[in-house]
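Asker: Got a structure for you, written out below as structure tokens; questions coming shortly.
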Amino acid sequence: MIKKLKKKKIALAYSGGLDTSTAIKWLNKKKSIIYSIFVDLGEKSLKGIKNIKNKSILLGSKKFISLNCKKRIVKEAFISLRCRAFNMYSGAGIYFNITPLGRAIIGTVISKFMKKKKINVWCDGSTYKGNDIERFFIYSYRINKKIKFYKPWLDLEFVKKIGGRKEMNLYINSKKENYSVDSNITGNTYEGKKLERLNYDYTNNKLLLSRNLIKVKKMTKIKISFKKGKIVKYNNKKIKNYVIFFNKINKICSKHKLGVSDQIEDRIIGIKSRGLYESPAMFFFHCLYERMLSDVLSYKNIKMYRDNGIKLGEILYKGFWYNEEAKIRKKIGIALTNKITGYITVKIIYNNIYYLETKNIFSRYKRNLCSMEKVKKNIFSSKDRLGQLNMLKLKIL
């Protein structure tokens, strides 16, 4: 990590939040030349990005650059959904690795931009106790082996003078919040501050998407069509813009409070932390893929699919979304979901998804095999079952 900051060109992965805003002011006082780079992952309006730009310049950035990556994160999100790249569960709650997915894109595109503009020093606002400091290091170094780093939270002078989020708020005259928020189109991550207390009740707080967790009475009916694993139609209309489509599903499902998950997790370094996650569209699409795959895959293949997804989720969580093992495991997930061609119709009532119709051309569901009623073509009889039970005796000790 570099120590001399004066007149150094530094690219800062800037979100507009507390940590990175503090970094700008700190670097400006050290007389660094700061290029604040905001990677647009669909969480901000044009007005919001303009406000972030103004904030960065006011704090001391030489230049503000916005990189539009909305299409890319939606593409990567659907890959992660098809491959079930989720490794963290708590009860019925799933963490959809929304922050790791965003970090993979941010780390990659900023590093490529830096290489093109011959800016050699990377900076971000991640703390030494968190995961992102490692993820950003991996993705940036992967692109440029000659890259250098300055990370404020690894600078003992910074840590001694600033120390924590309370001090950062004072340092940049920022308003205090109940928790820290990281956002992109796939959802929101809430952590820190009051959420660090395991007795903190967040249910009446205004989340960015779900607002609060009181149940709604409204019912919503949705039809989604698939072709070789890819979602192609919404309510019988061809999807032309997947960013708009993703936002639309986010809006619908957030009204029904879908996809909110409260996790106690092991960070990469091994420290336990609490995170509140809000991923309405990711949860919805995940449920659809699970339903369709249960119709087309055998138990053995479903197990392989889920085991592969958990391992891929670990790889994504740790910051290796683009390594060779990840590429191979993605191919497995995509190959298995290629069997999905058809449609599914659902009702969302309160906080639940109800399946009205499941139709797939590769369906393994045969009503005449499972029916408890008399059927004309009964290809599986009681005699067949008796023979199977006799064979089972050989396995019983």
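Asker: Starting from the amide H of V260, placed 1.01 Å from N in the peptide plane, find each other amide H under 5 Å away whose residue is 5 or more places distant or on another chain.
Answerer: Result for V260 returns S279.
Asker: With +1 assigned to the C-beta of every Lys and Arg and -1 to the C-beta of every Asp and Glu, and no other charges, what is the dipole magnitude of region 20-137 about the Cα centre in debye, to the nearest 20?
Answerer: 640 debye
Asker: Name the residue, out of G387, G102, G192, whose mean-square fluctuation peaks in a Gaussian network model built on the chain with Cα pairs under 10 Å.
Answerer: G387
Asker: Kirkwood hydrodynamic radius, computed over distinct alpha-carbon pairs, for the chain: how many Å, to one decimal?
Answerer: 23.2 Å
Asker: What FRET efficiency would be calculated for the residue pair K47, S371, taking the C-beta separation as r and a Förster radius of 35 Å, to the nearest 0.05?
Answerer: Given R0 = 35 Å and the Cβ-Cβ separation, E is 0.05.
Asker: Something else about it: Can you list residues whose amide H is under 5 Å from I231's amide H, if they're 5+ apart or on another chain and H is modeled 1.01 Å from N?
Answerer: Amide H to amide H, under 5 Å and 5 or more residues apart or across chains, I231 pairs with nothing.
Asker: Given the options K330, K339, K366, which has the most mean-square fluctuation in a GNM of the chain, springs set between C-alpha atoms less than 10 angstrom apart?
Answerer: K366
Asker: Continuing with this model, one more query. Would you mind working out the magnitude of the charge dipole of the chain relative to its Cα centre, with +1 at each Lys and Arg C-beta and -1 at each Asp and Glu C-beta, to the nearest 20 Debye?
Answerer: In total the dipole reaches around 1480 debye.
Asker: Let me ask something else. Step through the residues of region 22-34 one at a time and calculate ³J(HN,Hα) from phi using the Karplus curve (6.51 cos²θ - 1.76 cosθ + 1.60, θ = phi - 60°), rounding each to whole Hz and writing x for Gly and Pro.
Answerer: Once θ is set to phi - 60°, the couplings for region 22-34 become 4, 4, 4, 4, 4, 5, 4, 5, 8, 6, 7, 9, 9 Hz.
Asker: On the Cα set of region 53-202, report Rg and Dmax in Å, please.
Answerer: When restricted to the Cα atoms of region 53-202, Rg and Dmax are 17.1, 48 Å.
Asker: Let me make sure I get this right: for region 187-359, a, b and c are the square roots of the gyration tensor eigenvalues over alpha carbons, sorted descending. Under 1.5 in a/c it's rounded, otherwise prolate if a/b > b/c, else oblate. Which is it?
Answerer: Taking the square roots of the gyration eigenvalues as a ≥ b ≥ c, region 187-359 is oblate.
Asker: Next question. Just going by the charge dipole of the chain, with Lys and Arg at +1 and Asp and Glu at -1 on Cβ, which of V121, L81, I302 is farthest out on the positive end?
Answerer: It is V121, whose Cα lies furthest towards the positive end.
Asker: Ok, one more. Mind listing the phi-derived Karplus ³J(HN,Hα) values for region 101-111, rounded to whole Hz, using 6.51, -1.76 and 1.60 with θ = phi - 60°, and x for any glycine or proline?
Answerer: Going residue by residue, I get 5, x, 5, 4, 6, 4, x, 6, 6, 5, 5 Hz, with x marking Gly and Pro.
Asker: For D201 and A92 in the same chain, what is the full-extension length gain: residue separation times 0.36 nm, less their Cα-Cα distance, in nm?
Answerer: 37.4 nm
Asker: What is the calculated FRET efficiency for D266 to R306, with r their C-beta to C-beta distance and R₀ = 22 Å, to the nearest 0.05?
Answerer: 0.65
Asker: Taking every DSSP beta bridge with both residues inside the chain, roughly what % is antiparallel (nearest 5)?
Answerer: Antiparallel: roughly 70 percent of the beta bridges in the chain.
Asker: Rounded to the nearest 500 deg cm²/dmol, what is the calculated helix-only ellipticity per residue at 222 nm for the chain, with -39500 (n - 2.57) per DSSP H run of length n ≥ 4?
Answerer: That calculation yields -13000 deg cm²/dmol at 222 nm.
Asker: Quick one: which residues, 5 or more positions from N68 or on another chain, have an amide H under 5 Å from its amide H? H modelled 1.01 Å from N in the peptide plane, none for Pro or chain starts.
Answerer: The list, which skips near neighbours in sequence, is D40.
Asker: OK, next. Considering the convex hull of the alpha carbon atoms of region 257-371, report its projected area averaged over all viewing directions, in nm², one decimal.
Answerer: The Cα convex hull of region 257-371, projected and averaged over all directions, gives 9.2 nm².
Asker: Which distance in nm do the two modelled labels at K29 and K118 give, with both placed 7 Å along the Cα-to-Cβ direction?
Answerer: 3.2 nm
Asker: What is the Cα centroid distance between region 174-212 and region 280-320, reported in whole angstrom?
Answerer: What the calculation gives is 27 Å, centre to centre.
We did not get these values from a lab; they are worked out from the coordinates using the rules stated. A quick note: this is a predicted structure, and the numbers were derived from the prediction, not measured. Please note: Cβ atoms are built from the backbone with ideal geometry, for glycine as well, and neighbour counts cover all protein chains shown.
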